[in-house]
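**Q** There's a structure below that I have some questions on.
The values are calculated or read from the model by the stated rules, or taken from the named source; none is laboratory data. Please read all numbers here as calculations on a predicted model, not as lab measurements. No Cβ is skipped: glycine too gets one built from the backbone with ideal geometry, and neighbour counts run over all protein chains shown.
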Amino acid sequence: MTAVAEESATDDHSDGTGRRFSLNGGVRGVVLTSLLLLLLYASAQSDQLGRLYSISWKIVLVVGLSAAVFVGANLLISQGRRNWARYRALAGGLLGAAGFGLLRGNRSVSTLVADSEFIFTRDEGEPFVVVDPAQIDAISKVAELRSGLAEYATGGFASLGTFEWPLVGLVLGLVAGYATGHTNRIIRLAVPTAIGAFAGWLIGTSLLFRNRPDASIVEIVLFAIMGAAVLAGISLLFGKRHVLVERALFGAAIGATIGGWLLPDLGSGSGSTAIIAAAIPLALLGLRFGWPSDRDANGLASFDRRSRAVIFLAPALTFLSINLVVPAVRTILTSFLDRDSEEFVGLDNYEHLVTSETFLDWRSWSGDDGTWNILTSRLTWFGLFLIVAGFGIAYSINWTRNRTSGLDHSPTSRATMAVGFFLLAFAFFSVIRGTFSNTIWWMFTVTIGATVLGLMMAVLSQRAGRWESIAKSLVFMPMAISMVGASVIWRLQYAPKNISGEQTGAPNAAWIALGKLSNAGLDGNTYPAWSRWLLLLVLAALLVRLGFRIYGSWQRSEGFAGATVALIVVGWLFVEFLTRSMGGFTVLEDGSIQPQTVAFREEVRPFNNVYLMFILIWIQTGFAMVILSAAIKAVPEELLEAARIDGASESEQFFKVTLPQILPTVGVVVTAILVAVAKVFDIVRVSTGGNFGTNVLATDFFDEAFSFLNRGVGSAIAVTILLIVAPVLIFNVYNMQKAEA
Amino acid sequence: MHDNNSLIDRIYRRLSNVPMWVMWGIVVVWTIPSLSLFINSFRSRTRQRDSGFWEFVRDGDRDYRLGCPEDYNAPDLFHMIENYCVVLSNDQASGMLSSVISSLAIAVPSTIIPISIASFAAYAFAWIDFKGRKPLFIGTVALLSIPLQVALIPLLIMYSGGAHFTIPFTERTLTMVPDFALAGGPWAVVLTHTGFAMPFAIFLLHNYMSSLPGELIESARVDGADHFSTFVRLVLPLSVPAIAAFAIFQFLWTWNDYLIAVVMLNGGTPEVFPTTQRIANLAGDFGETEHLLTAGAFVQAFVPLVVFFSLQRYFVRGLLAGSVKG
């Protein structure tokens, strides 16, 4: 993985596709500019200019603001190296504003107040005003009422509004921060502590009743001492004696917060307990930041490095955690909850999933008469035949070469066996239905299909000379087309039309043409009889030639995998045309003939799945080709040269030199495609909507989570997909660790 | 005589070159569907319905005038670009133009924002020495192959109602992310894309940035430049190739995305639907609009194809550098 990356980063020539086919700078500019003009023109024509404009300035605003925040944060850190106090003031101000804003944003502190009047609003109904303090006291003690109270306030500073709160925080933070950077130790200690206590008082007096903790000062102090002891102990343990006091103070602040806010009941406390619970931690925090003496140059440098790391990483890590890690964890948790995520149901969702017939459907496993369908499938027997034939070939090659019994490992025997196993797996997937089985079938087929075809293209296109880049670009092009677009494209190709008219899709048209050819000469068929005989003659000649070639290769102990494959294909074609059974064109019982179409997406169950898979193979082959092509071109020429001198044939060069060299890259391609296929959604959704037995896990997930609004089962399916790709994930991490070490 | 013989020889060798036949067979199969779409998009509804795209050579009676027709219902008169005229018009039922703008509103910020954010992080991972750098980087890269389905349900809940954290063992919930009511609008899609792009972008840019010569960066630091100016003045300009590679990759990815859009925009007005969603919906109603599907699908694919062919080299580089995203 990393090897490929580094290579491409430093070496332009490893690009898979030639440069001939990409446009040069000038043309590129003209094309992109005219595209923009076209968009503007079309928008103006249909009254969309306003929307385009508003979207544009929103994007500019967001990007500009974000950039300003990043640059501002960096300038702030740069300030730190020049003027410590000023940096501390700015940082403190921002922290104060953020903290007070957060309190206000959580509606913990209130605004509505008129001295001795208290305004109550309930979740439903009109707000009402209570003036009598005794009444307030009574109401605030009734638990049910209290929970229904949306907003009410006490006196004092609670009149501060949405903008005033952060502003006060800013001012307090500025002063406190500046003081922590002051050279006078008394100021450094006293001012921040005092301001912390003052901020606590401010919060405590303005806190809503429902948030007031029923804290006792003993508890707070106790926990503060415990917190101080814990953090002091940790810093001693790790040999950080020089920051012992700061750590202890910080621990005390955390302990006081726990003792003051997390343990006691909220809502039954009084104003004074709220003030104490808020003021003690904040004062301790102020003390902690005022404690350290001035930083020396060394300290400033390490401060700079650490803060830069935070600033550079914070946006990315924020997005990663908010948009990826936390939701993933939440999904895993909700998969154990019921459909509305309210009650814990254990493994019920998984049980529901695994036992449902849509997940794993064994109904096709045996037919009506109790026979196992897998045993009546032609695929099974052909697959088994190929496996046996592969063993036979391996044995006979070894015998002719070495005169010993044993198995040969040449591509001929291995390829035959591999195809046999592939067909056997296909037979298996075609009798076990259901979303899970389909997903695995997709992963199996698309991964193998795209990798093998991509490898073929990568190898063969090398011989195409000046046509190489064009051939590659054409195969690569579907990568740029969306899966939705690809599904639409193939839907138009797959759709069968009424047999009385012409077919508009290439596959059906070709299929019927083949049928006409194999039935040439019959009444009502426009194809003349000699066309079929000519074809049969050519096929027969090819068969004979291939037979001689294989025999000769065997005599000379050479590989003959390609010729064998060709022999099987040509032989099959010969038989099909000879028996008039090729193509979509049949002779009915009354002697008339009729074209037959294939409804690729609907009728040919379960193999309609394979036609959908082909759409993804169509997209992914280019990807595999480009990467494998780059890897093949990176194989040292000396190795191939040495093999040539040793008399290796071209296929031997490939299988014995090139393939082992590019095997790591093949692994990368395979894992990448596996992960992409596991979550395939668009193709199935657009092609069939999951009907006709084509549902996969990702479409099932969408239906459960967003159509049936069953979060529990939806999450369980998502976790299942995660489990399917988990091995790849672990493999990647393992590789990374090896590369980093 | 000798020349003649060698010509026949050459032809025979060409014909019996089975691997080349196989290769060109693949190329043809791979090209026909797109070609068919392109040609059919210029054909009238009846022609698309009644004959295959290869019959276009017989469509001789077409009106070749430029511009859109004034009367769409005039019989026997079909303008070559008529389907495009309908598709790019303001028509609510089949108009694609508003969705082209919506796709831009999603794809452009979803490309710019991750690039900036990830380039900061990639620089930090490559050149700032801090504790826990290695495990953090490996953890980030481990997220590469997380299927996005795993995060979709909570993300939709967050964008339509904010995120709230219940403090363990208490009844108290703390609002971590307020409800901005983003779901149903492009920013929910953009933010989701930004999150999902992050591991790949960091991985790709980090690989590139860490391959820059260390002496260069060290000498800048010795000259007194802090990390910010080293990043802005030195590393960022040098990383343009990798940034371009990722930009193209991400633009194609977001332009072509369907799942995130369909989840996040479910409750929105059709105007905010991106092209993929519009095409998927068009494909859903059979019959009436099927002849417009060709032009619509081509409009959808046109932007990525132009980007792809004009900037193919960067795209390939992006693929090669981080062949893990899919």
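**Q** Which residue, of A:Leu23, A:Leu40, A:Leu75, is assigned to a helix (DSSP H, G or I), modelled with pLDDT under 85 and out of contact with any Gly (no Cβ under 8 Å at 6 or more places or on another chain)?
**A** One residue alone meets the criteria, A:Leu40.
**Q** Same structure, new question: Determine the pairs where a residue that is within 15 Å of B:Leu155 (Cβ to Cβ), located within region A:328-341, has a partner that is modelled with pLDDT under 85 and assigned to a loop (DSSP other than H, G, I, E, B) with Cβ atoms under 8 Å apart, the partner being 6 or more residues away or on another chain.
**A** A:Thr334/A:Ser341
**Q** Let me ask something else. Among the residues that make up region B:155-175, is at least one of them of a type in the set (A, V, I, L, M, F, W, C), closer than 25 Å to A:Val329 by Cβ, more than 10 Å from chain A (Cβ to nearest Cβ) and in a helix (DSSP H, G or I)?
**A** Checked region B:155-175: no residue is of a type in the set (A, V, I, L, M, F, W, C), closer than 25 Å to A:Val329 by Cβ, more than 10 Å from chain A (Cβ to nearest Cβ) and in a helix (DSSP H, G or I).
**Q** Which members of region A:44-64 meet the condition of being assigned to a helix (DSSP H, G or I) and within 7 Å of another protein chain (Cβ to nearest Cβ)?
**A** A:Arg51, A:Leu52, A:Ile55, A:Ile59, A:Val62, A:Val63
**Q** Which condition number in (1) among the small types (Gly, Ala, Ser); (2) at positive phi; (3) touching a residue at least 40 places away in the same chain (Cβ under 8 Å); (4) facing chain B (nearest Cβ under 10 Å) is the one that A:Ala624 fails?
**A** The single condition A:Ala624 does not satisfy is (2).
**Q** In region B:202-238, how many residues are in a loop (DSSP other than H, G, I, E, B) and within 10 Å of chain A (Cβ to nearest Cβ)?
**A** 4
**Q** Quick check on region B:260-271: of everything there that is modelled with pLDDT of 85 or more and part of a helix (DSSP H, G or I), which residue is nearest to the other protein chains (Cβ to nearest Cβ)?
**A** Checked region B:260-271; the qualifying residue nearest to the other protein chains (Cβ to nearest Cβ) is B:Val263.
**Q** Evaluate region B:273-283: report whether one residue or more is within 30 Å of B:Arg47 (Cβ to Cβ), without any contact (Cβ under 8 Å) to a residue 12 or more places away in the chain and assigned to a helix (DSSP H, G or I).
**A** yes
**Q** When you check A:Glu343 against the structure, is it of a type outside the set (Val, Ile, Thr), in contact with a Leu (Cβ under 8 Å, 6 or more places away or on another chain) and surrounded by fewer than 14 Cβ atoms within 10 Å (Cβ to Cβ), yes or no?
**A** It is true that A:Glu343 is of a type outside the set (Val, Ile, Thr), in contact with a Leu (Cβ under 8 Å, 6 or more places away or on another chain) and surrounded by fewer than 14 Cβ atoms within 10 Å (Cβ to Cβ).
**Q** Would you mention how many residues in region A:199-220 are in a helix (DSSP H, G or I), in contact (Cβ under 8 Å) with a residue 40 or more places away in the chain and out of contact with any Ser or Thr (no Cβ under 6 Å at 6 or more places or on another chain)?
**A** Selection size over region A:199-220: 12.
**Q** Here is a follow-up. Could you please find all residues in region A:494-549 being over 13 Å from A:Gln594 (Cα atoms), in contact with a Pro (Cβ under 8 Å, 6 or more places away or on another chain) and surrounded by 15 or more Cβ atoms within 10 Å (Cβ to Cβ)?
**A** Selection gives A:Tyr494, A:Gln503, A:Gly505, A:Ala506, A:Asn508.
**Q** Go through the residues of region A:520-531 one by one and say whether even a single one is more than 11 Å from chain B (Cβ to nearest Cβ) and under 49 Å from the mean Cα position of the chain (by Cα).
**A** Among the residues of region A:520-531, not one is more than 11 Å from chain B (Cβ to nearest Cβ) and under 49 Å from the mean Cα position of the chain (by Cα), which makes the answer no.
**Q** List every residue pair whose Cβ atoms sit under 9 Å apart, with the two residues 6 or more apart in sequence or on different chains, where the first one lies in region A:163-174 and is touching a residue at least 40 places away in the same chain (Cβ under 8 Å) and not assigned by TED's automatic domain parsing to the domain that holds A:Gly96 and the second, anywhere, is β-branched (Val, Ile, Thr) and surrounded by fewer than 24 Cβ atoms within 10 Å (Cβ to Cβ).
**A** From region A:163-174, no pairs qualify.
**Q** Taking the conditions exactly as written (farther than 28 Å from A:Thr400 by Cβ and without any contact (Cβ under 8 Å) to a residue 12 or more places away in the chain), does A:Tyr551 satisfy them or not?
**A** no
Residue-by-condition table, conditions (1) acidic (Asp, Glu); (2) buried (at least 20 other Cβ atoms within 10 Å of the Cβ); (3) in contact (Cβ under 8 Å) with a residue 24 or more places away in the chain:
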| residue | (1), (2), (3) |
| --- | --- |
| A:Ser356 | no, no, no |
| A:Ile387 | no, no, yes |
| A:Trp399 | no, no, no |
| A:Gly420 | no, yes, yes |
| A:Leu423 | no, yes, yes |
| A:Arg433 | no, yes, yes |
| A:Phe436 | no, yes, yes |
| A:Thr439 | no, yes, yes |
| A:Thr447 | no, yes, yes |
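**Q** Among the residues of region A:264-273, are any part of a loop (DSSP other than H, G, I, E, B), out of contact with any Asp or Glu (no Cβ under 6 Å at 6 or more places or on another chain), crowded, with 16+ Cβ neighbours inside 10 Å and within 14 Å of chain B (Cβ to nearest Cβ)?
**A** Within region A:264-273, one or more residues are part of a loop (DSSP other than H, G, I, E, B), out of contact with any Asp or Glu (no Cβ under 6 Å at 6 or more places or on another chain), crowded, with 16+ Cβ neighbours inside 10 Å and within 14 Å of chain B (Cβ to nearest Cβ).
**Q** Do you know which residues across region A:670-710 are within 8 Å of another protein chain (Cβ to nearest Cβ), buried (at least 19 other Cβ atoms within 10 Å of the Cβ) and over 16 Å from the mean Cα position of the chain (by Cα)?
**A** The answer is A:Arg685, A:Val686, A:Ala705.
**Q** Any residue in region B:115-128 that is in the same structural domain as B:Leu144 (by TED's automatic domain parsing) and farther than 15 Å from B:Asn207 by Cβ sitting within a Cβ distance under 9 Å of a residue that is in a helix (DSSP H, G or I) and among the hydroxyl-bearing types (Ser, Thr, Tyr)? List the pairs, counting only those 6 or more apart or interchain.
**A** B:Ser116/A:Ser66; B:Ile117/A:Ser66; B:Ile117/A:Thr318; B:Ile117/B:Thr194
**Q** Sticking with this one: Assess whether A:Leu324 counts as being without any contact (Cβ under 8 Å) to a residue 24 or more places away in the chain, surrounded by 20 or more Cβ atoms within 10 Å (Cβ to Cβ) and either in contact with a Ser or Thr (Cβ under 7 Å, 6 or more places away or on another chain) or among the aliphatic types (A, V, I, L, M) (or both).
**A** Answer is yes for this residue.
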